[in-house]
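Here, each number is a calculation from the coordinates, and none is a lab measurement. In this text, all values refer to a predicted model and were calculated from it rather than measured experimentally. Neighbour counts run over all protein chains shown; Cβ positions are idealised from the backbone, glycine included.
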């Protein structure tokens, strides 16, 4: 059941309180069993993630308000400032509300060389966002710049919430944003039908290997 206190009357305002719901509590119990007594502060990262996901479920915005950090500190028996330090250090935690769809555009060298500028400009044009860190006027999109998502072979990459959309260009970016606006996100992965990290156009090695049948490669491949 949603805690009404997490519903802020003013978008972007800090909620007055935060309580882990039963779904989160069940996960916390499993997490804490991984750590010995007096070492449970090490669970701060997974609990921050849980709090952010709970806020997404309850409010539609994936972020960690200060009161949630305070609840984590009390749960783990650690000073609140230590939770604040972790939450503000890692980019994966949002310390202010974000849109329904969090667009994270990689602009590091491999993505830039393969056209991330076009992805950025399309996101700006379609959403009306002018600068990184902004949220669109309709509250649907927040766009941030990120550094290396670790999928360089399929660059450019646009991460939406937890999902990677790969091999992006202007046209596929616009199509993706239109689908998100309709609340109909396509399956994540390559937007050009690339098989995992195989070359564009399909695999060029192990082409006769039938993984489903468990057969061995032929012809010395």
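What the table below lists for this structure:
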{"item": "Label-point separation, residue 196 to residue 90 (7 Å along Cα→Cβ), nm", "result": "2.8 nm"}
{"item": "Residue 183 versus residue 162: modelled label distance in nm, points set 7 Å from Cα along the beta carbon direction", "result": "2.0 nm"}
{"item": "Burial ranking of peptide ranges 29-40, 66-77, 87-98 (average Cβ count within 10 Å, highest at the top)", "result": "66-77, 87-98, 29-40"}
{"item": "Histogram of C-alpha separations across the range 108-183, 10 Å bin width, %", "result": "20, 57, 22, 1"}
{"item": "Helix 170-181 vs. the chain, principal-axis angle (Cα, 0 to 90°, nearest 10)", "result": "40 degrees"}
{"item": "Max mean-square fluctuation residue, GNM over the chain, Cα-Cα springs under 10 Å, options 166, 85, 174", "result": "85"}
{"item": "Calculated FRET efficiency for the pair residue 109/residue 25, C-beta based, R₀ 35 Å, to 0.05", "result": "0.20"}
{"item": "Added length on full extension, which subtracts the Cα-Cα distance from 0.36 nm per residue, residue 205 to residue 153", "result": "17.1 nm"}
{"item": "Over the range 4-89, volume per residue of the alpha carbon convex hull, in Å³", "result": "84 Å³"}
{"item": "Shape of the chain, Cα gyration tensor, a/c cut at 1.5", "result": "oblate"}
{"item": "0 to 90° range, to nearest 10: angle between helix 116-127 axis and the chain longest Cα axis", "result": "60 degrees"}
{"item": "Crossing angle, helix 66-76 versus the chain [Cα axis fit, 0-90 degrees, rounded to tens]", "result": "80 degrees"}
{"item": "Fewest-first ranking of 136, 116, using other Cβ atoms within 10 Å as the exposure measure", "result": "136, 116"}
